[in-house]
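Everything on this sheet refers to the single structure shown next.
The values are calculated or read from the model by the stated rules, or taken from the named source; none is laboratory data. Because the structure is predicted, anything quoted here is derived from the model rather than measured. Here the Cβ is made from the backbone with ideal geometry for all residues, glycine too, and neighbour counts use every protein chain on show. Areas reflect the complete protein model, heavy atoms only, side chains present, ligands, DNA and RNA absent. Shrake-Rupley method; radii C 1.70, N 1.55, O 1.52, S 1.80 Å.
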Amino acid sequence: MPLLETRDLLVSYGPKQILNGVSLGVDEGKVTTIIGHNGAGKSTLIKGVYGIARVTGGAVVFDGRDITNHAPYDNIKAGVGYLAQGGQVFADLSVEDNLKLGGYALPNDLVPERMEQAYRMFPILDRRRRSDADTLSGGERQMLALGMTLMLKPKLLLMDEPTGALAGPVIEQIMGTIRSLVEEMGVGILLVEQNVDVGVRLADAVHVVEAGKVIFSGDPQELRDPEARRRLLGLA
Ligand SMILES: Nc1ncnc2c1ncn2[C@@H]1O[C@H](COP(=O)(O)OP(=O)(O)OP(=O)(O)O)[C@@H](O)[C@H]1O
Ligand SMILES: [Mg+2]
């Protein structure tokens, strides 16, 4: 049984239909990558799963339970983590206070231990504990956003473009973190990536979404070759 399944998911914003029946799965300890052009509906898919966008048809099944249109707070408690596009943090709060907020649903005695885990995972945050989040670089901010999400130890992680707007070694670092979450902690990840190379390298399964529909599903191996990628997806 997959950890997450979307069945024929429909989402619309007002009269505008955005998702037109998306079915896919995420297994425990595996990465399912979603690739697609701007506006294809990738973020909407993640928001529909998480309970931010209203699902008008189909179903979201997590851990064998129907969670369609459950509130985000309930989904978080059930073990679903969400990393929003653009690395959202509280700019005027310190690194430490952001992590504390990430752990708001935890029993108090677990918070310090989880914070130390976040600092071990991202030593740069340890060195910047007392700095306001708006003084961090883009990459550091993305690590903080991820650290906040991980405070609750999700079983399923919904990641919306974790490497968006980043470049160089920080991308490799975030990829390394994703691998260790999957391999060492068995987290299942639904990963949206504009960076096809990153998405494909991390993936166990790939789906290409276009205009709210899955137009290609397959083995990431098929998309490793840039020529095949162009032929199959029209993506560079
Ligand atoms: N809250 C909203 N209300 C109305 N339309 C929206 C809303 N959010 C997104 N849309 C529209 O839905 C479509 C899909 O948006 P979505 O954010 O899912 O795209 P995306 O694939 O994540 O794109 P990107 O790669 O640019 O992040 C777009 O046409 C967008 O304008
Ligand atoms: Mg998006």
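One compactness figure for segment 1-141 is 1.20, namely its Cα radius of gyration divided by 2.2 N^0.38 Å. Working from label points 7 Å from Cα in the Cα-to-Cβ sense, the Y104 to F90 distance is 0.7 nm.
Electrostatic bookkeeping for V187 treats Lys and Arg as +1 and Asp and Glu as -1; over the other residues with beta carbon under 14 Å from its beta carbon, the sum is -2.
Excluding ligands, DNA and RNA, the accessible surface per residue across segment 86-142 is 56 Å² with a 1.4 Å probe. When shorter helices are ignored and each DSSP H run of at least 4 residues is given -39500 (n - 2.57), the per-residue value for the chain at 222 nm works out to -10500 deg cm²/dmol. Let me check I've understood the local charge: for K42, count other residues with C-beta under 11 angstrom from its C-beta, Lys and Arg +1, Asp and Glu -1. What total comes out? Net local charge, K42 excluded: -3. Non-local lysine pairs in segment 1-126, meaning eight or more places apart or on different chains, with alpha-carbon distances under 24 Å, amount to 9. Packing here is the average count of other Cβ atoms within 10 Å per residue, and on that basis the peptides 140-147, 7-14, 79-86, highest first, run 140-147, 79-86, 7-14. Kirkwood Rh over alpha-carbon pairs of segment 75-210, then Stokes-Einstein at 20 °C and 1.002 mPa s: what D in µm² s⁻¹, rounded to an integer? Using the Kirkwood radius from Cα pairs, D works out to 142 µm²/s. Given 37 °C and 0.692 mPa s, compute D for the chain with the Stokes-Einstein relation, Rh being the Kirkwood radius over Cα pairs; round to the nearest whole µm²/s. Calculated translational D: 182 µm²/s.
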